[in-house]
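Quick note: the coordinates plus some simple rules give every number you see, no bench work behind them. No experiment lies behind these values; they were computed from the predicted model shown. Backbone-built Cβ (ideal geometry, glycine too); neighbour counts: all protein chains shown.
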Amino acid sequence: MHWLVKIINGEPDDFVHAKFVKYGMGDHPGPSLKLTLSKARIAFKGDLDMEKGLVKGYAISGPEGTHKVKGLIVTYSDRQSEFEGQPVPLSWRKTKGKSASTYKAKLDERVPIGDLKAMVSVDDPTTFFLLSLSPTSEEKPWKIATKTSFPKAKQDSKGTDKKEKDPVFVKGAFANTPEMLEYILNQFLPDFRDKLGPKAKSIVLKHRIIIEDIEIPDDPTLTFSEKRKLAKKRGRLIRSVSIDGEELTKEYAFLA
């Protein structure tokens, strides 16, 4: 389940909390997703934090056989032992960043669909599957292309006249099967699915994350970094969707 959907369901957990660590007080643009539906395809373009749900969707419903898997798995904790039992061999390296160390495994493999599904199920709140995928058979339209470096923080474009650009962090297409469409609706649009008619073609989903209060642990034994990681954010999630030009908005309160 996508972490934004956990807010919609009123069930924020550690995955949601981990996503909010980077947000301070104020109004922030969240990840966006653009879907284009046709009889044969579900094409998509998404921001960072949309790629994991799309990669998992590919692994669940992609064609049988082997698949080209290229890119990185990135974690913010040492999870090498958890991936050791996987049939896909991974070689990890630790890199030091300005705020935190990361562990990265580079892939350029041909992987059976079952092994791919098993690999991306080894998940936690700060694991990123920055993978590009396509069938070895070149079966159309299945394809995902994901960038392997994190983008700069998205800037708020409210109040400007610039035309908003499509998200570009992850893009590709799935076959428009009943199973795949059901997955996409449950993963990204459960609160708007009753608004999508059978002829819907263009869907643009956007988010705003408004942090109104930060509850910091009152424990003098904790370091500043520990308090930052444990602090809970209280606020509102605003979800806006455009379905073939019809604009709809919903709002959800959260504490995570």
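Here are the numbers for the structure shown:
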read-out	value
Helical contribution to [θ] at 222 nm, DSSP H n ≥ 4, -39,500 (n - 2.57), averaged over the chain, rounded to 500	-5500 deg cm²/dmol
Per-residue Cβ neighbour rank within 10 angstrom, fewest leading, Ile216, Ile210, Ile184	Ile216, Ile210, Ile184
Most positive-pole-ward Cα, Ala18, Ile209, Thr146, against dipole of the chain from beta carbon charges	Thr146
Among Met50, Pro87, Phe169 - extreme Cα towards positive end, dipole of the chain, charges at beta-carbon	Phe169
Within a Gaussian network of the chain (alpha carbon springs, distance under 10 Å), most fluctuating of Pro112, Pro167, Pro198	Pro198
Label corresponding to semi-axes √(5λ) of the Cα gyration tensor in Å when calculated from the structure given, among (i) 29, 27, 15; (ii) 46, 25, 15; (iii) 36, 21, 15	(i)
Longest site-free stretch - the chain; sites: GluC sites (Glu not before Pro), DSSP loop, at most 16 other Cβ within 10 Å	165-256
Relative contact order of segment 3-255, pairs being alpha-carbon contacts under 8 Å that are 6 or more residues apart, as %	27
Under DSSP loop assignment and at most 13 Cβ neighbours within 10 Å, longest trypsin sites (Lys or Arg not before Pro)-free interval of the chain	40-97
